[in-house]
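Have a look at the structure below, then the notes.
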Amino acid sequence: MAEIETVSIRVNGQHRRVPKGISIADLALELGLEPSRVAVEKNLEIVPRSTLGQVIVEDGDDFEIVTFVGGG
Amino acid sequence: MDDQWQVAGRSFTSRLIVGTGKYKSFEQNAAAVEASGAEIVTVAVRRVNISDPNQPMLMDFIDPKKITYLPNTAGCFNAEEAIRTLRLAREAGGWTLVKLEVLGEAKTLYPDMIETLRATEILAKEGFEPMVYCADDPIAAKRLEDLGAVAIMPLGAPIGSGLGLQNQVMIRIIVEQAGVPVLVDAGVGTASDAAVAMELGCDGVLMNTAIAEAKDPVTMARAMKLAVESGRLAYRAGRMGKRRYADPSSPLAGLI
């Protein structure tokens, strides 16, 4: 049985393996997040929300995924 | 009575901005916001919880379509961190109206004005409309305005201290010279403090802990709403002059 090819990435400081070829929107959904409620930084560059479905997750990518929380 | 205030081209009726931190629950937070009458709430930008993504989120309780979210940079200690945070906030919510705060050190949470001025300039050039937490320094306030701050927000006392306005003279000078709204941000402990800020001529007051840490936050939220309105009315009415001695209110003529 062929194994699914994966890539190694970091999300919010944590190491993860995800299937090769997925988009950032797919990654968010895989993490259980609603892509319309988060902002994503990839290797310190903001990824415009309109392109989350097109940008492919690459091996070694470092993601920060943030949202709004209570604060003063 | 029409008494709206404007910031960055937007009009608001409520002059009270409330934070969304330190509440016991989202339900209590939402009820306090409702009772406060606030039309703007501050929010923080943080990493999503990827280990438990199904936890409730602020947006489920306070609807950003009804209440203006004002993303802050709390916890940022230099211009770069603050700018990075607000760029993410803009992407997450599409908002350019933001609250900039660049802190100098953790014990006092006093603003680092050099970094704050630097960040304000960069943010304004990138199209942000920063409302800026700052020291009660009239010169720095003017500089902030020149660099593109859309509101000046001096502290009345350290963040979360509840000590009330320790610097009424400086706040009043900043109000007098400002060409943009001035809001006291931080230091309010109880309703009378909010009224004092408004009586000085501030356009508004921003608070979090005074409501969130009250024994009954929802009731305190209502108290703050009334205090801000009452302080504003007193300012508009124009207070009486002070005298050193008594002046009878009943006529002296016709005394028996």
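Yes or no, residue by residue, for (1) within 30 Å of B:VAL41 (Cβ to Cβ); (2) of a type in the set (Ser, Thr, Tyr); (3) touching a helix residue (DSSP H, G or I) at 6+ places or on another chain (Cβ under 6 Å):
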{"position": "A:GLU5", "(1), (2), (3)": "no, no, no"}
{"position": "A:ILE9", "(1), (2), (3)": "no, no, no"}
{"position": "A:GLY13", "(1), (2), (3)": "yes, no, no"}
{"position": "A:ILE22", "(1), (2), (3)": "no, no, no"}
{"position": "A:LEU29", "(1), (2), (3)": "yes, no, no"}
{"position": "A:ALA39", "(1), (2), (3)": "yes, no, yes"}
{"position": "A:GLY70", "(1), (2), (3)": "yes, no, yes"}
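For segment B:193-207, filtering for residues that are over 10 Å from the mean Cα position of the chain (by Cα), more than 20 Å from B:PRO158 (Cβ to Cβ) and assigned to a loop (DSSP other than H, G, I, E, B) leaves 1. The number of residues in segment B:22-62 that are in contact with a Lys or Arg (Cβ under 6 Å, 6 or more places away or on another chain) and either among the aromatic types (Phe, Trp, Tyr) or at the interface with chain A (Cβ under 10 Å from one of its Cβ atoms) (or both) comes to 1. When you look at B:THR68, is it among the hydroxyl-bearing types (Ser, Thr, Tyr) and closer than 25 Å to A:PRO48 by Cα, yes or no? The answer is yes for B:THR68. If I filter segment B:208-215 for residues that are among the hydroxyl-bearing types (Ser, Thr, Tyr), within 25 Å of B:LEU163 (Cα to Cα), within 16 Å of the chain's Cα centre (by Cα) and part of a helix (DSSP H, G or I), do I get at least one hit? Yes, the conditions are met somewhere in segment B:208-215. On inspection, B:GLY164 passes the criterion of being away from chain A (no Cβ under 14 Å) and crowded, with 18+ Cβ neighbours inside 10 Å. Note on segment A:13-24: among residues that are within 10 Å of the chain's Cα centre (by Cα) and over 12 Å from A:PHE63 (Cα atoms), the one that is nearest to the other protein chains (Cβ to nearest Cβ) is A:VAL18.
It is to be established whether one or more residues within segment B:173-192 are over 19 Å from B:THR42 (Cβ atoms), within 18 Å of the chain's Cα centre (by Cα) and among the hydroxyl-bearing types (Ser, Thr, Tyr). Yes - at least one qualifying residue is present in segment B:173-192.
Residues that are assigned to a loop (DSSP other than H, G, I, E, B), closer than 22 Å to B:ASP193 by Cβ and more than 12 Å from every other protein chain (Cβ to nearest Cβ) within segment B:1-21 comprise B:ASP3, B:THR13, B:SER14, B:ARG15, listed in sequence order.
Restricting attention to segment B:99-126, the residues that are in a loop (DSSP other than H, G, I, E, B) and among the hydrophobic types (A, V, I, L, M, F, W, C) add up to 3. Candidates B:ALA38, B:ALA74, B:ALA31: the one that is under 29 Å from B:SER230 (Cα atoms) and part of a loop (DSSP other than H, G, I, E, B) is B:ALA38.
Do we find that B:GLU101 is within 30 Å of A:ALA28 (Cβ to Cβ), buried (at least 17 other Cβ atoms within 10 Å of the Cβ), of a type in the set (D, E, K, R) and within 14 Å of chain A (Cβ to nearest Cβ) in this structure? Against the criterion (within 30 Å of A:ALA28 (Cβ to Cβ), buried (at least 17 other Cβ atoms within 10 Å of the Cβ), of a type in the set (D, E, K, R) and within 14 Å of chain A (Cβ to nearest Cβ)), B:GLU101 qualifies.
Only the coordinates and a few stated rules stand behind these numbers; no lab work does. Predicted, not measured: the structure shown is a model, and the values here were computed from it. A quick note on method: Cβ atoms are made from the backbone with ideal geometry, for glycine too, and the neighbour counts reach across all protein chains shown.
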